[in-house]
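Beneath this line is the structure, given in structure tokens, with notes to follow.
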Amino acid sequence: MGDGRRVRMTKQQIIDDIHAGMADGADAARVPELSEEEMERICEIVCDKNKIVSVEPGKEVVLSKDAGTTKFNMANNGCGVGIPSTGLLDGQLIYERCFAFDSMEFAWMDYSIKPTKAVIDFMLINYEQMSQMTTMPLVMGAMPNMGLYFAPDGPHANPTDLMREFKIEESMAASEAAADQLTNDIGYICERIGEVGCEGFDFDTTASAGDAEFVATLRGIENYRKIDPEAYIECGMSAENVLGIHGSMEYDGKIVAGMYPHEQVKLVEKAGANIFGPVVNTNSSRSFAWNVARSAVIVKECEKVSNIPVHVNLGMGVGGIPMCELPPTDIVGRSGKILIEIANVDGI
Amino acid sequence: MTEYDVRAKALKDAVISCKVPEILKAVEDAKADGMEAVPIIEIMSEAMGEVGVLFERGRIFLPHVLSAAAGMNKTMEILGPELKANSTGNEKSAIVVIGTVEGDVHDIGKSICSTMLQCGGFDIHDLGRDVPKQLFIDEIKNGATFCGMSALMTSTMMVMKDTIDIIVEQGLRDNVTVMVGGAPITQVFADKIGADIYGESASETTEKAKAILNS
């Protein structure tokens, strides 16, 4: 189940859940449904009796990674595994030499644009040292996390607090002001990392504070692309649709609130990113079959319309993976296989 | 379609438009046609339910919901004297204390839920995020009869159980309806920790809270 509980289901129950999850996803995102053959294939993969389920040789996809190496040395309640190590260099070497990662991200432990701005000089020195010891491409990463620009963490009033007082225009103004500040901060960081030759940036968990954050990030990507035409820019989302906290924010003449991955990717592409990371949320009350079929139908359309590589978010609570601390390996493998075979993703 | 149906549809459409001037005009027109205050409010309340559904499906957004609610509030001001004159004294409202539990700084889901509850007529005391357990208890002691707790992380969801245990220990359990929600929360978990309401969405939570209030 989506919360990690083990349940017994008949094949017919699994088929029914695949149909229901797929229909829910197609309806929510307003995308074409999967074919019967595709759903039968999902069922085969879900019901595969092997513990380790993977793709055929030659059909592997590349991996990109969010949050850098912070998952090693952070405590469990910060989603880490508590291994004593220097967060930056040791972790990079482990990912390159033990896990054979295709690329890697380096990130400040407080994984957001605002705090990263304050420690940028420290990060640049670390990048210089890491780049001397590794061969894989290194990009910097952080969440735009516009929530840090609102009270109680930042200078702007909290839009949802203002809305509860029916101060709707003030709420929108607060979102717009925070978005401008976030765009400026993204610009500052990207300019600085360019000075030391950093390969690029991963904007992770984008739009967590809603539509204004998404627009701010797109503007930030656009500006970054202008100052570094060769930069390798990834933009991953925080949720399957863009929350309309402002409701009217536009990018490229389109209102972004409510957009699903197949619509989001066109704007990310337009802004100048190289990779898009769509998210489909796991419903913790539904089965794995329901969730993974729902993910497949939503991501498939995104991949279909995209002109840039799509690296689907696949981990705890997204992409059909249950929301529990240690997602079962057999579930993760099945999700990956389904999203590669059915949704045709380029990466994970 | 009767004249009443036409006017009711106009009222409903106005609320769903989420535009305050249109809502107020529809109310004025309904009054001019002789419609009484109580049915006006009932029709508009029903339409607010549909606004909630449109919000959940991503067809409209939070500011639109709030605009519709603002239109409802202004309507209540206009119809207040008439409603007061016809009051049976049986109308119910309740204080809801709501917050994201201690150790969890995720705010948006909880804020959407508190906003929808406010639109549903509840008096909201939103304590924000990373709320110490004792603050929920203090609010219950001060009269909150609904306690809403949100968690986005599996590592913080057990704080909900700790808070319920304190509510029980302090003899307050019969005074309060406990509501829980958030991405890792399920009905199974809510039952396991002894919560009264699990809401998969803000609208569902609001509907369940209203049902308990009016039961």
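Note on residue B:207 and residue A:121: with the Förster distance fixed at 35 Å, the Cβ-Cβ geometry gives a FRET efficiency of about 0.10.
With kT/(6 pi eta Rh) evaluated at 37 °C and eta = 0.692 mPa s, and Rh the Kirkwood radius from Cα pairs, chain A diffuses with a coefficient of 158 µm²/s according to Stokes-Einstein. Bridgeable aspartates and glutamates around residue B:192 (alpha carbons under 14 Å apart, same-chain partners fewer than 8 residues away excluded): A:3, B:162, B:165.
Between the residues B:205, B:39, A:174, the greatest Cα displacement towards the positive end of the dipole of the protein assembly as shown, with unit charges on the Cβ of Lys, Arg, Asp and Glu, is found for B:205.
Distance between the 7 Å Cα→Cβ label points at residue B:50 and residue B:200: 2.3 nm.
For segment B:23-126, the set of GluC sites (Glu not before Pro) satisfying both a DSSP loop assignment and a count of at most 14 other C-beta atoms within 10 Å is given as B:36, B:91.
For residue B:100, the amide hydrogen comes within under 5 Å of the amide hydrogens of B:128, B:129, B:130, B:131, B:150, counting only partners 5 or more places away or on other chains and with H modelled in the peptide plane.
If you count the DSSP beta bridges with both ends in the protein assembly as shown, what percent of them are antiparallel, to the nearest 5? Before the final figure, lay out each step's value.
Values: 4 of 41 bridges.
The antiparallel fraction comes to roughly 10 percent.
Overall, the protein assembly as shown carries a charge dipole of about 740 debye about its Cα centre when +1 sits on the Cβ of Lys and Arg and -1 on the Cβ of Asp and Glu, all other atoms neutral. In loop segments of segment A:1-106 as defined by DSSP, the chymotrypsin sites (Phe, Trp or Tyr not before Pro) with at most 14 further C-beta atoms inside 10 Å of their C-beta are A:99.
Taking amide H atoms as placed 1.01 Å from N in the peptide plane, the amide H of residue A:60 has no partner under 5 Å among residues 5 or more positions away or on other chains.
Could you grab the relative contact order for segment A:101-235? Cα pairs under 8 Å, six or more apart, rounded to a whole percent. Working shown, then result.
On the way: 194 pairs, mean separation 37.7, N = 135.
Reported as a whole number, the value is 28 percent.
Note on residue A:44 and residue B:32: their simple-model spin labels are 6.7 nm apart, each label 7 Å out from Cα toward Cβ.
Charged side chains reduced to their Cβ positions (Lys and Arg at +1, Asp and Glu at -1) give segment A:17-109 a dipole of some 640 debye around its Cα centre.
Based on the Kirkwood radius over alpha-carbon pairs, what is the Stokes-Einstein translational diffusion coefficient of segment B:3-85 at 25 °C with 0.890 mPa s viscosity, in µm²/s? Could the numbers behind the result be given before it?
Details: Rh = 12.5 Å.
This corresponds to a translational diffusion coefficient of 196 µm²/s.
For residue A:317, the residues 5 or more places off, or on other chains, whose built amide H falls under 5 Å of its own are A:323, A:324. Once the convex hull of all Cα atoms in chain B is built, its volume per residue stands at 128 Å³.
Helix-only estimate, please: 222 nm mean residue ellipticity of chain A, summing -39500 (n - 2.57) across DSSP H runs of length 4 or more and dividing by its residues, to the nearest 500.
Numbers: 12 runs with 157 residues, N = 348.
Calculated at 222 nm, the ellipticity per residue is -14500 deg cm²/dmol.
FYI, it's all coordinate maths here, none of it is from the lab. As the structure is a prediction and not an experimental result, all values here were calculated from the model. Don't worry about glycine lacking a Cβ; one is built from the backbone with ideal geometry, like all the others, and counts go over all protein chains shown.
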